[in-house]
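The values are calculated or read from the model by the stated rules, or taken from the named source; none is laboratory data. As the structure is a computational prediction, the values presented were derived from the model and not from experiment. Ideal geometry is used to build each Cβ from the backbone, glycine not excepted, and the neighbour counts take in all protein chains shown. Note: accessible area is taken over every heavy atom of the protein model, side chains too, but ligands, DNA and RNA are not part of it. Shrake-Rupley method; radii C 1.70, N 1.55, O 1.52, S 1.80 Å.
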Amino acid sequence: MHLFHLIKRLRAALAIGIVAAVLLCGNALSVQAYTFTPDATIHSQAAILYNQDTQQILYEKNADQQQMPGHLVQIMTAIVVLQNCTDLDGTTITASDELYKTLYSYDEPDDLRYADIDNGDTLTVREYLYAMMLTNQFGDGSIDGFVTKMNDTAAEIGCTATTFANPTGLYDTRQQTTARDMLTITNYALSLDGFEEIATATAFTPTTA
């Protein structure tokens, strides 16, 4: 969720992963700006800077180079949930240990962050969205079904070099994207009702658990 905290400061989205970065800018840049040279070294292997106001790409670095997206995957996770739930506040789900099965067996447990949601807790879809834990409910009962929806959506919105293998961002060499495709995904996410509000939250406490 850390990448979403930065969106509030830029009024759009700033997402930097280990090997890919997507930057979207608002009013900070002039409408007349066509190019931009960062005054600091961009350490990410791939990056793209986009001005939402002028709909222009101002800077790019290896923007079409495939990389593993890490937790940027959660942007597409949110897209699939928002497109498949018509009532974020009226739909509730009870958490079970099944949600954590893949996390318990993960080889790098120090990479994981939990949201203090325990077996038996019941929250609304909106509340779960903040924790990004909706894969089974909106994947026709399976992780694979949810991943299929992620890949279908990516193709539908114009991503040409993206393949999702899981909805969590956990390490998987099959999971590949590019900075340019992540820009497409993030722009699409920002067009959906509810995404920006949830993505820019710096703190959230559920009330229905």
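From the set of residues in the range 79-114 that are part of a loop (DSSP other than H, G, I, E, B) and modelled with pLDDT of 90 or more, which is surrounded by the most Cβ atoms within 10 Å (Cβ to Cβ)?
Let us first name the residues in the range 79-114 that are part of a loop (DSSP other than H, G, I, E, B), namely 85-91, 95-96, 105-108, 112-114.
Next cut, modelled with pLDDT of 90 or more only: 85-91.
Numbers: Cys85: 20, Thr86: 9, Asp87: 10, Leu88: 17, Asp89: 11, Gly90: 10, Thr91: 15.
Filtering first and then ranking leaves Cys85.
Among the conditions (1) surrounded by 15 or more Cβ atoms within 10 Å (Cβ to Cβ); (2) closer than 25 Å to Met68 by Cα; (3) modelled with pLDDT of 85 or more, Asp144 misses just one, which is (1).
Please work out if Asn151 is modelled with pLDDT of 80 or more and closer than 30 Å to Gln56 by Cβ.
Values: modelled with pLDDT of 80 or more: yes; closer than 30 Å to Gln56 by Cβ: yes.
When the stated conditions are applied, Asn151 passes them.
Summed over the range 165-205, the residues that are part of a helix (DSSP H, G or I) and either open to solvent by 20 Å² or more (accessible area, probe 1.4 Å) or over 17 Å from Leu82 (Cα atoms) (or both) give a count of 11.
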